[in-house]
Amino acid sequence: MRKNLWMLLSLGLVAVLIFSACAATKTEQKPYKLSPQGTIIWEDEFEFNPPPREWKLIQVEVGAEFGFGFMRVEPGPFPSQSMFVYDEEPFGCSTKFEEREEEFFKRYLWTTALNLTMKILDKQKVKVLGEEGLAVVAEGTDPIKKEKAKSKVVFGKRGERVVAFYLTQWRSIDAPYDPSAFEIFDKFVASFKFLKKSFYEIL
């Protein structure tokens with residue numbers, strides 16, 4: 001059953017990638033472009049440094065809408081992959097980071113097909129998007145199915161609204177996590193910039 005869930009998740013991501021590729025072919029437009037400095041500019045709204053080439057660009061449903069991120073399928077026993085995204089509408093509605101964290105994790109596990117109870121390993125205030133934010137690291141294990149997952153979620157602000165970046169790495173229970181994925185994720189978050197005000201900021 002669990003493997004079927006992972007298969008569905010993977011197929012869903014592939015379907016989104018195919019749909020995105022078809023849409024780009026028909027309109028001859030992509031949702032992003034490369035700047036002369038080598039950064040990615042997404043829909044003229046966000047700018048960030050791309051991860052290494054083995055990370056594949058994806059468009060995936062996050063929060064209440066489709067967002068974007070990167071995914072790396074890695075060698076090793078099933079499941080072995082890492083994925084991170086930027087989420088303009090993270091689960092929950094509170095504008096306070098601690099409360100939003102609780103709201104977020106209640107829904108996040110369900111959407112990522114995780115039947116794990118996540119334990120918070122670390123929580124600390126960080127600077128993100130030029131302001132104070134909150135970084136949370138959590139891990140869950142399933143000893144019966146011999147699987148585990150580790151996530152890092154960084155909450156920040158865009159105007160008065162909470163946005164989030166999150167990375168999840170899946171592994172068999174005996175396989176080590178790859179810390180390089182978390183380093184790449186941190187660099188992505190640190191490079192992320194807003195190029196214009198959001199719809200809500202100009203109301």
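A few points about this structure:
- Rounded to 0.05, the FRET efficiency of the Thr95 and Glu183 pair, given R0 = 41 Å and the Cβ-Cβ distance, is 0.90.
- Across the cross-link table entries Lys127/Lys150; Lys106/Lys150; Lys119/Lys148; Lys106/Lys148; Lys127/Lys187, which are compared at the Cα atoms, the separations over 19 Å belong to Lys127/Lys150.
- Full extension of the segment from Glu160 to Gln29, taken as 0.36 nm per residue of separation minus the current Cα-Cα distance, would add 44.0 nm.
- Cut-off 19 Å (backbone N to label point 7 Å along Cα→Cβ of Leu121), residues of the range 177-191: 177-189
- Centroid-to-centroid separation of the range 68-108 and the range 121-168 [C-alpha atoms, Å]: 7
No value in this document is a laboratory result; all are computed from the given coordinates. Just so we're clear, the structure is a prediction, and the values are computed from it rather than from any experiment. FYI the Cβ positions are ideal-geometry reconstructions off the backbone, even for glycines, and counts take in every protein chain you see.
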